[in-house]
Amino acid sequence: MNYAAITGWGMALPERIVTNDDLEQFVDTSDEWIQTRTGIRERRVAQPGERTSTFATKAGQHALAQAGLSPKDIDLIVLATCTPDRPFPATACTVQANLGIPAGAVAFDVAAACSGFVYGLQVVTSMLRAGVARNVLFIAADIFTHYINWQDRNTCVLFGDGAGAVVLQPSQEAYGQLSCVLGSAGEHEDLMAVEAGGTRLPTTPELLEEGRQYVYMQGREIFKYAVRDMAASSLQAVEQAGLQPSDIALVIPHQANLRIIEAIAKRLKMPRENIFVNLERYGNTSAASVPIALVEAVEQGRIKDGDHVLLTAFGGGLTWGSAVVRWGREGLIAR
Ligand code: UT7
């Protein structure tokens with residue numbers, strides 16, 4: 001059985017920074033509330049004309065360069081997003097065109113909200129290991145602020161935009177995803193959603209007037225499930241990889257709320273320094289949050305070859321997932 005080593009990585013963010021102080025100017029909130037309840041100080045927000053494919057393409061370019069591959073080498077492009085450029089075609093196809101990846105490569109999107117990177121990693125790893133893909137570009141990108149009502153303090157302080165990408169290639173050595181535990185609970189689909197704009201409630205002037213095109217969320221409920229399901233699936237993924245929590249060099253959690261991350265660390269009995277956090281600068285970037293954190297951790301030298309890294313995420317659906325990844329790129333199988 002081949003493994004799917006991660007051989008390239010990259011990220012892209014909007015340039016525009018919106019701080020907590022900026023938010024205070026137009027919504028009833030405070031820097032003190034946001035920092036104490038979430039840990040977030042600022043976030044990146046896409047500007048008009050910037051779309052999900054803008055950042056997905058840039059992150060993909062960086063990942064290809066890092067892997068030393070050219071667009072013609074790629075035979076599978078998967079994009080995890082819940083904020084595609086358009087309902088269809090898949091934004092992965094737009095990224096294929098932007099990057100000049102030749103026709104014949106396979107491109108499609110995966111929608112699992114904030115769990116998108118862990119879900120998609122399982123999809124691409126499975127396809128690569130099954131031998132139906134060789135050189136894979138896997139991107140997670142969201143412009144979640146597209147669905148934000150900037151007057152709603154329950155949501156507008158939490159989210160930001162961005163993209164992260166990885167390249168995966170077959171390896172004979174045990175690198176890449178070693179284990180993965182995914183789960184969904186559709187019974188809680190209404191805890192977090194965008195109501196209007198799909199086939200259930202096609203957009204009408206009345207719905208727009210009511211603000212039903214924006215995300216709503218029952219934050220407190222989601223908080224409880226997020227801690228429970230990320231912690232439980234993390235422990236299962238570690239066990240499935242034949243490891244102990246103490247074998248994990250670094251945990252890369254979904255960056256939604258520092259209090260959620262600290263509660264998970266406690267359940268995993270992990271020291272705080274083994275948990276990577278960057279949400280103070282980006283907020284919750286939805287599917288992009290895990291790969292952006294992964295890329296920053298690698299660039300800061302927090303992940304070294306041979307390290308076991310635990311990824312864990314949670315989002316609307318509800319969806320959750322955890323995966324153990326072994327970092328390194330030895331033993332690549334020649335094309
Ligand atoms: O990534 C997808 C998954 N999503 C998540 O993981 C989000 C999970 N949930 C959370 O992170 C937290 O529940 C929130 C950050 C969303 C909210 O924190 P909380 O500690 O659960 O606060 P709360 O919703 O219980 O609200 C407490 C109070 C309320 O006022 P009252 O009713 O106690 O008077 C809110 O109205 O805080 C108020 N509040 C705010 N005050 C100032 C809510 N948002 C704000 C705000 N600024 N932005």
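Observations, loosely collected:
- The dipole here belongs to the stretch 127-266: it is taken about the Cα centre, uses +1 on the Cβ of Lys and Arg and -1 on the Cβ of Asp and Glu, and is about 360 debye.
- Solvent-accessible area per residue, Å², over the chain with all protein chains present [probe radius 1.4 Å]: 42 Å²
- Listed peptides 199-206, 184-191 appear in the order 184-191, 199-206 once ranked by packing, highest mean of other Cβ atoms within 10 Å at the front.
- Rounded to the nearest 10 degrees, the inclination of helix 258-268 to the longest alpha-carbon principal axis of the chain is 40 degrees.
- Shape index of the stretch 183-335: Rg/Rh, with Rg the Cα radius of gyration and Rh the Kirkwood radius from the inverse mean 1/r over Cα pairs, equals 1.06.
- Accessible-area composition of the stretch 178-326, carbon plus sulfur, in percent [1.4 Å probe]: 49 percent
- Here the Kirkwood formula, the inverse mean of 1/r across different C-alpha pairs, assigns the chain a hydrodynamic radius of 19.8 Å.
- Computed from Cα positions, the angle between helix 52-67 and the longest principal axis of the chain comes to roughly 30 degrees.
- Once all protein chains are placed together, Glu50 keeps about 60 Å² accessible to a 1.4 angstrom probe.
- Each Lys and Arg adds +1 at its Cβ and each Asp and Glu adds -1 at its Cβ; summed about the Cα centre, the chain shows a dipole of about 840 debye.
- For Lys266, a cut-off of 17 angstrom between C-alpha atoms picks up these lysines, skipping any fewer than 8 places away in its own chain: Lys224.
- Summing Cβ point charges (Lys, Arg +1; Asp, Glu -1) relative to the Cα centre of the stretch 178-326 gives a dipole of roughly 520 debye.
- Scattering curve values for the stretch 3-174, log₁₀ I(q)/I(0), Debye with Cα scatterers, q = 0.09, 0.10, 0.19 Å⁻¹: -0.34, -0.41, -1.11
- Helix 219-240 and the longest principal axis of the C-alpha atoms of the chain enclose an angle of approximately 10°.
- Sulfur and carbon atoms: percent of accessible area, the stretch 3-174 [1.4 Å]: 48 percent
- Computed over the chain, the per-residue total of -39500 (n - 2.57) for DSSP H runs of n ≥ 4 gives a 222 nm mean residue ellipticity of -9500 deg cm²/dmol, rounded to 500.
The values are calculated or read from the model by the stated rules, or taken from the named source; none is laboratory data. As the structure is a computational prediction, the values presented were derived from the model and not from experiment. Virtual Cβ from ideal backbone geometry, glycine too; neighbours counted across all protein chains shown. Note: areas computed on protein heavy atoms with side chains; ligands, DNA, RNA excluded. Shrake-Rupley method; radii C 1.70, N 1.55, O 1.52, S 1.80 Å.
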